[in-house]
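**Student:** Let me give you the structure first, and then I'll get to my questions.
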Amino acid sequence: MEIAFRNIMILGFLILGNYSCDNPRKEKTDNLIVITNTSLIDMNNGQVSEGMTLIIKNGIITTIGKSNEIELSPEAKIVNGTGKYIIPGLWDMHAHTSSESVTRSILYPLFIANGVTGIRVLSADCFEPCWELDMSIEQSRGLQSEVKYGKVIGPNAILGSTYIHGVKSGEASTIKEPGNRQDGKKLVHLLLDRGVDFIKIYDEIPREAYFGIADEANKKELPIAGHVPASIKASEASDAGQKSIEHCCAGSLFEECSSEEKRLREQITELIQSREPKNMYSLVLELVKTYDDAKCQEVFKKFLENNTFFTPTLVATEMDNILRDYDWRDDSRLKYLPEKEHDFWIEDEISTKEILGIQNPLIREKRFNIVGDMNKAGVKLLAGSDCGVFGVHYGFGLHEELELLVEAGLTELEALQTATLNAAEYADKSDSYGNIKIGFIADLILLEANPLDNISNTKEIYSVLSNGKFYDRQSLDTILKKVAIEVAK
Ligand SMILES: [Zn+2]
């Protein structure tokens with residue numbers, strides 16, 4: 001059952017390295033990269049500036065200007081950007097990793113090969129005994145420092161705690177599975193000591209414990225993010241300072257947006273507390289049928305007031321869409337999926353479908369409408385794939401999420417912002433990430449075609465700059481080839 005918890009979608013800081021003082025890139029290289037004559041897309045307003053040259057030194061953008069006005073240094077590596085579009089590296093704000101060795105040799109490289117230069121990992125730690133597809137925070141941190149020193153190809157990562165469940169029903173409260181306020185507070189200190197970047201909230205935390213965690217975490221400025229426990233309303237989580245809420249929308253929003261909230265919430269809580277929930281989509285369908293737009297707009301207002309981010313993870317919920325003409329078993333990208341992950345996907349699909357039951361098309365429709373409405377209301381959305389759950393490929397999944405966000409009503413620019421500007425804002429790094437400006441970190445993607453014309457063009461990757469290194473198409477293909485070989489071993 002513990003395994004299934006990783007994926008129940010219905011229910012669903014930033015130590016990017018302190019670049020200001022001890023930037024490891026400086027010791028690593030003194031490389032100079034110049035990208036000439038490219039079209040630069042401003043993530044703020046979607047303005048496309050043609051014929052631009054960028055100079056990148058040690059992984060930082062030092063110059064941006066019209067190509068005919070910039071003198072090129074003979075030592076620089078010149079990249080001809082003619083006909084290409086340059087955007088910031090993308091962030092998958094709801095990602096999962098696996099064991100240390102698999103993450104190092106397979107998953108991390110896959111993110112870079114897909115232009116995903118940043119990830120938020122839910123979760124990047126585990127309490128002993130750890131599941132074989134998990135890493136401890138020491139291992140997660142170790143990999144991150146290898147990335148920063150150029151020893152491992154991988155994205156920057158925001159590292160979440162292990163899943164915080166509440167006390168199991170009938171058992172006594174403990175610090176690791178809190179059932180009361182005191183243990184909730186103590187848990188925050190335990191997680192602070194472990195050095196996580198945020199606390200990953202899960203479904204079963206009782207109210208008292210949740211508010212204990214939230215209050216103490218706020219005091220200690222340790223963000224909390226994740227699911228909304230069944231005992232809490234989304235608006236309460238927002239008021240309590242939860243920084244982001246994950247998965248649209250069962251468990252996160254459908255309940256509070258229903259005119260039958262009280263009755264249905266009780267039934268759902270009961271199911272979750274049974275720890276063997278089954279056929280939850282029948283209750284979700286009731287929630288959808290009793291959807292009350294005015295109630296939902298009130299929740300959006302809360303999110304806006306409290307600056308609560310929302311990560312829909314639409315691509316993950318697509319996997320149990322019965323009308324979708326897609327079977328992950330036929331996907332050519334399975335060659336990039338490690339064997340143990342593949343085994344997990346098989347189990348995950350079975351347990352997810354058992355827990356959720358069959359998804360009615362009305363649920364999907366409502367989900368997409370809510371995401372569109374939330375966007376219109378001004379709620380900050382984050383692109384997150386939930387890669388690691390069945391059917392969602394590491395790295396690739398983020399691009400599918402962007403497509404689905406456009407289907408839900410976001411413009412192409414707004415979709416791009418969920419993986420760039422909004423991600424940087426979430427991470428309090430708007431001064432160095434999320435756009436292309438002088439002094440910003442040069443995590444960048446050169447695309448063959450304009451993503452503002454068609455969001456699917458984010459997949460047309462010509463080259464990636466990450467962590468001071470330049471990967472042309474050939475190097476990206478080599479990364480993919482090596483991953484496939486590693487998987488086949
Ligand atoms: Zn997840």
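**Student:** What pairs come up if the first residue lies in the stretch 367-392 and is more than 19 Å from residue 319 (Cα to Cα), the second is away from the ligand (no atom under 12 Å from the Cβ) and among the hydroxyl-bearing types (Ser, Thr, Tyr), and their beta carbons are under 6 Å apart, counting only those six or more places apart or on different chains?
**Tutor:** Once the first residue is more than 19 Å from residue 319 (Cα to Cα) and sits in the stretch 367-392, its partners that are away from the ligand (no atom under 12 Å from the Cβ) and among the hydroxyl-bearing types (Ser, Thr, Tyr) give 381/418; 382/418.
**Student:** Taking residue 87 as the residue in question, decide whether it is assigned to a strand (DSSP E or B), away from the ligand (no atom under 16 Å from the Cβ) and crowded, with 24+ Cβ neighbours inside 10 Å.
**Tutor:** Numbers: assigned to a strand (DSSP E or B): yes; away from the ligand (no atom under 16 Å from the Cβ): yes; crowded, with 24+ Cβ neighbours inside 10 Å: yes.
Yes: the conditions hold for residue 87.
**Student:** Of all residues being among the small types (Gly, Ala, Ser) and modelled with pLDDT of 95 or more in the stretch 228-256, which is farthest from the ligand (Cβ to nearest atom)? Just the residue, please. So that I can check it myself, show each step before the final result.
**Tutor:** First, pick out the residues of the stretch 228-256 that are among the small types (Gly, Ala, Ser): 230-231, 234-235, 237-238, 240-241, 244, 250-252.
With modelled with pLDDT of 95 or more added as a condition, the list becomes 234-235, 237-238, 240-241, 244.
Details: 234: 17, 235: 22, 237: 17, 238: 20, 240: 21, 241: 21, 244: 12 Å.
Residue satisfying both the conditions and the ranking: 235.
**Student:** In the stretch 226-237, which residues are buried (at least 24 other Cβ atoms within 10 Å of the Cβ) and over 16 Å from residue 166 (Cβ atoms)?
**Tutor:** 234
**Student:** If you don't mind, another one. Do we have any residue at all in the stretch 263-270 that's buried (at least 18 other Cβ atoms within 10 Å of the Cβ), within 27 Å of residue 387 (Cβ to Cβ) and of a type in the set (D, E, K, R)? Can you show your working first?
**Tutor:** Start the filter on the stretch 263-270 by keeping residues that are buried (at least 18 other Cβ atoms within 10 Å of the Cβ), which leaves 264-265, 268.
So of that shortlist, the ones also within 27 Å of residue 387 (Cβ to Cβ) come out as 268.
So of that shortlist, the ones also of a type in the set (D, E, K, R) come out as none.
No, the stretch 263-270 has no match at all.
**Student:** Restricting attention to the stretch 147-163, which residues are over 21 Å from the mean Cα position of the chain (by Cα) and either polar (S, T, N, Q) or surrounded by 15 or more Cβ atoms within 10 Å (Cβ to Cβ) (or both)? Give the derivation first.
**Tutor:** Kept after step one, since they are over 21 Å from the mean Cα position of the chain (by Cα), are these residues of the stretch 147-163: 149-151.
The one that is over 21 Å from the mean Cα position of the chain (by Cα) and either polar (S, T, N, Q) or surrounded by 15 or more Cβ atoms within 10 Å (Cβ to Cβ) (or both): 150.
**Student:** If you don't mind, there's one more thing I want to ask. All but one of (1) over 30 Å from residue 476 (Cβ atoms); (2) touching a helix residue (DSSP H, G or I) at 6+ places or on another chain (Cβ under 6 Å); (3) surrounded by fewer than 24 Cβ atoms within 10 Å (Cβ to Cβ) hold for residue 166, so report the exception by its number.
**Tutor:** (3)
**Student:** Can you name the residue in the stretch 95-114 that is more than 16 Å from the ligand (Cβ to nearest atom) and of a type in the set (Gly, Ala, Ser) and, of all such residues, is surrounded by the most Cβ atoms within 10 Å (Cβ to Cβ)? Before the answer, list the steps.
**Tutor:** First, pick out the residues of the stretch 95-114 that are more than 16 Å from the ligand (Cβ to nearest atom): 99-102, 104-106, 108-110, 112-114.
Then keep just the ones that are of a type in the set (Gly, Ala, Ser); that gives 99, 101, 105, 113.
On the way: 99: 19, 101: 12, 105: 18, 113: 25.
Out of the qualifying residues, it is 113.
**Student:** While we're looking at this one, here's another question. Suppose the filter is surrounded by fewer than 22 Cβ atoms within 10 Å (Cβ to Cβ), part of a helix (DSSP H, G or I) and β-branched (Val, Ile, Thr); does residue 363 pass it? Step through it out loud before you land on a result.
**Tutor:** Values: surrounded by fewer than 22 Cβ atoms within 10 Å (Cβ to Cβ): no; part of a helix (DSSP H, G or I): yes; β-branched (Val, Ile, Thr): yes.
The answer is no for residue 363.
**Student:** Determine whether the stretch 288-296 contains at least one residue that is touching a Phe, Trp or Tyr at 6+ places or on another chain (Cβ under 7 Å) and within 16 Å of the ligand (Cβ to nearest atom). Please lay out each step first, then the result.
**Tutor:** Quick first cut of the stretch 288-296, residues touching a Phe, Trp or Tyr at 6+ places or on another chain (Cβ under 7 Å) only: 288.
The next check asks that each one be within 16 Å of the ligand (Cβ to nearest atom); those that pass are none.
No; the residues of the stretch 288-296 include none that is touching a Phe, Trp or Tyr at 6+ places or on another chain (Cβ under 7 Å) and within 16 Å of the ligand (Cβ to nearest atom).
**Student:** Among the residues of the stretch 317-327, is there at least one that is buried (at least 24 other Cβ atoms within 10 Å of the Cβ) and within 16 Å of the ligand (Cβ to nearest atom)? Working first, answer last.
**Tutor:** Within the stretch 317-327, the first condition is being buried (at least 24 other Cβ atoms within 10 Å of the Cβ), and the residues that meet it are 317.
Subsequent filtering for residues that are within 16 Å of the ligand (Cβ to nearest atom) retains 317.
Within the stretch 317-327, one or more residues are buried (at least 24 other Cβ atoms within 10 Å of the Cβ) and within 16 Å of the ligand (Cβ to nearest atom).
**Student:** Shifting gears a bit: Taking residue 304 as meeting all but one of (1) buried (at least 22 other Cβ atoms within 10 Å of the Cβ); (2) at pLDDT 95 or above, write down the number of the exception.
**Tutor:** (1)
**Student:** Has the stretch 349-359 got any residue that is among the basic types (Lys, Arg), over 29 Å from residue 107 (Cβ atoms) and surrounded by fewer than 22 Cβ atoms within 10 Å (Cβ to Cβ)?
**Tutor:** The answer is no, given that none of the residues of the stretch 349-359 is among the basic types (Lys, Arg), over 29 Å from residue 107 (Cβ atoms) and surrounded by fewer than 22 Cβ atoms within 10 Å (Cβ to Cβ).
Residues checked against (1) at pLDDT 95 or above; (2) in contact with a helix residue (DSSP H, G or I) (Cβ under 6 Å, 6 or more places away or on another chain); (3) over 26 Å from residue 102 (Cβ atoms); (4) within 16 Å of the ligand (Cβ to nearest atom):
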| residue | (1), (2), (3), (4) |
| --- | --- |
| 372 | yes, no, yes, no |
| 425 | yes, no, yes, no |
| 431 | yes, no, yes, no |
| 461 | yes, no, no, no |
| 468 | no, yes, no, no |
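**Student:** Can I ask one more? Report, by residue number, each residue of the stretch 37-84 that is in a loop (DSSP other than H, G, I, E, B) and polar (S, T, N, Q).
**Tutor:** 44, 45, 47, 58, 73, 82, listed by residue number.
**Student:** Restricting the first residue to the stretch 31-47 and requiring it to be within 18 Å of residue 451 (Cα to Cα), which pairs with a second residue that is crowded, with 19+ Cβ neighbours inside 10 Å and charged (D, E, K, R) meet a Cβ separation below 6 Å and a spacing of at least six or different chains?
**Tutor:** So the pair list comes out as 38/84.
The values are calculated or read from the model by the stated rules, or taken from the named source; none is laboratory data. This is a predicted model, so every value here is computed, not measured. Quick reminder, even Gly has a Cβ in these numbers, built from the backbone with ideal geometry, and neighbours come from all protein chains shown.
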